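The values are calculated or read from the model by the stated rules, or taken from the named source; none is laboratory data. Worth saying up front: this structure is predicted, and the values here are computed from it rather than measured. Heads up, the Cβs are rebuilt from the backbone with ideal geometry, glycines too, and the neighbour counts pull from every protein chain shown. In case anyone asks, the SASA skips ligands and DNA or RNA and just uses the protein heavy atoms, side chains included. Shrake-Rupley method; radii C 1.70, N 1.55, O 1.52, S 1.80 Å.
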Amino acid sequence: MNRTSSTFLSLLPVLIAVALLALVPLFGPSNRLLSLAISAGINIVALYGLSVLFGQTGILSMGHAALVGVGAYVAAIFARDFGIGFWLSIPAGGLLAAVAAAIIGVPSLRVSGHHFVIMTFAFGQLLAIVLTNGGEFTGAATGLDLQMPVMLFGSRIDDLVPYYLLVVGFVALSAIASWWIINSSYGRTLRAIRENEKLAASLGINVGRHKIGAFVVSGLFAGVAGVLLAYFFRHISPGQFSSFPSIYLALMVMIGGARLLLGPLAGGILVAFLPEVLNLDPVESRILYGICLIAVILLLPNGLIAGIVEAWHRLFKSRVSGPEITAAKQASEAGR
């Protein structure tokens, strides 16, 4: 099997999963379940960006929801002040969130480890304060409404079912973009930095520039997710983008796993639907999330999907080393 076929096989399970998710409306789900699925899909778009940063570079951001907020506020302000709709807001929100990531990344990535985590956490809180005190421009603490419809070929697609399919389409695009980055020479450079930063620098790799680049790429995903979120909820406020929603995003990518393509998909779906399936209230949900996070850190340091793939490999002692199995083994070895 040549390298191209092997790398494509690593994308195939995600495409099959997304295709199955696109069939969900055929089963007549309730509006609540469909709304939860849309929220999960929007989070998954952001998680694919976070997986590039955390999974490939080894940098964990606790301010990622703030970048989602940049995209959401760009969509709302563009619609209110300039009459710019959804399709132009998507690239605008993504690009401005990427610019925000670059502005944050330059000073933040001068430090590493927990210092970077603290700085991104502080950025999330700072953005919430700025938005709260932004007066009429940002809507202050009450936030902004967004009334402009989402149109496609002259038809509105902001009802639940068409918007769900739209979000599923963006999930597929995000997964493909993430797959392309992971399998590019840029992705290999990021992994070299993750595994041994000093060795990578000694080989002539500009470590600082590539780390900022990874943060910018993750910001692009987050900005697109923010536009999707603004047009779904139709109302945004500063509290949605503070540091605490960022913790949930980090929780999702850690539970699902950041190094395999199925990880963000699994993490986003599990965290969104587990409380609903178990009928938990918000307090019980937080307790469950904490227990899940501790269990994953102790038992599955590379996330649920990597753990399942490795367990499958050990259980059946497969002699066939597929790309997902190989990646899971590498991820596990790197996590030890």
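What to note about this one:
- Mean accessible surface per residue for the stretch 118-223, computed with a 1.4 Å probe while every protein chain stays in place, in Å²: 52 Å²
- Relative contact order of the stretch 86-238, taken over Cα pairs closer than 8 Å and 6 or more residues apart, is 49 percent.
- Amide H contacts of Ile84 (H built 1.01 Å from N, under 5 Å, at least 5 apart or other chain): Ala79
- In sequence order, calculated HN-Hα J values of the stretch 252-260 (Karplus, 6.51, -1.76, 1.60; Hz; x Gly/Pro): 4, 6, 6, 5, x, x, 9, 9, 10
- Using the 1.4 Å probe convention, the accessible area of the stretch 31-73 works out to 18 Å² per residue with neighbouring protein chains retained.
- With every protein chain in place, the stretch 1-112: carbon and sulfur % of accessible area (1.4 Å): 72 percent
- Computed from Cα positions, the angle between helix 323-335 and the longest principal axis of the chain comes to roughly 90 degrees.
- Between Ala192, Leu203, Val167, the Cα set farthest toward the positive side of the dipole of the stretch 133-238 (charges on each charged residue's Cβ, about the Cα centre) is that of Leu203.
- Tensor-based shape of the stretch 1-131 (alpha-carbon gyration tensor, a/c under 1.5 rounded, otherwise prolate or oblate): oblate
- The stretch 1-64: C-alpha gyration tensor shape, a/c 1.5 cut-off, then a/b vs b/c: oblate
- Between the entries (1) 0.96; (2) 1.18; (3) 1.09, the label attached to Rg/Rh (Cα atoms, Kirkwood Rh) calculated for this structure is (1).
- Accessible-area rank, largest first, for Met148, Met119: Met119, Met148, with all protein chains present and a 1.4 angstrom probe.
- Against the main long axis of the alpha-carbon atoms of the chain, helix 64-82 sits at an angle near 30°.
- Annotation: amide H of Met62 within the under-5 Å range of Thr120, Phe121, sequence separation 5 or more or interchain, hydrogens built in the peptide plane.
- Residues in the stretch 99-105 carry Karplus couplings, in order, of 4, 4, 5, 5, 5, 6, x Hz; the curve used is 6.51 cos²θ - 1.76 cosθ + 1.60 with θ = phi - 60°, and Gly or Pro positions show x.
- Helical mean residue ellipticity (222 nm; -39500 (n - 2.57) per DSSP H run of 4+; nearest 500) of the chain: -24500 deg cm²/dmol
- Share of carbon and sulfur in the accessible heavy-atom surface of the stretch 164-256 [1.4 Å probe, %]: 69 percent
- Using θ = phi - 60° in the Karplus curve 6.51 cos²θ - 1.76 cosθ + 1.60, the 3J(HN,Hα) couplings for the stretch 34-47 round to 5, 5, 4, 5, 5, 4, 5, x, 5, 4, 5, 4, 5, 5 Hz; x is entered for Gly and Pro.
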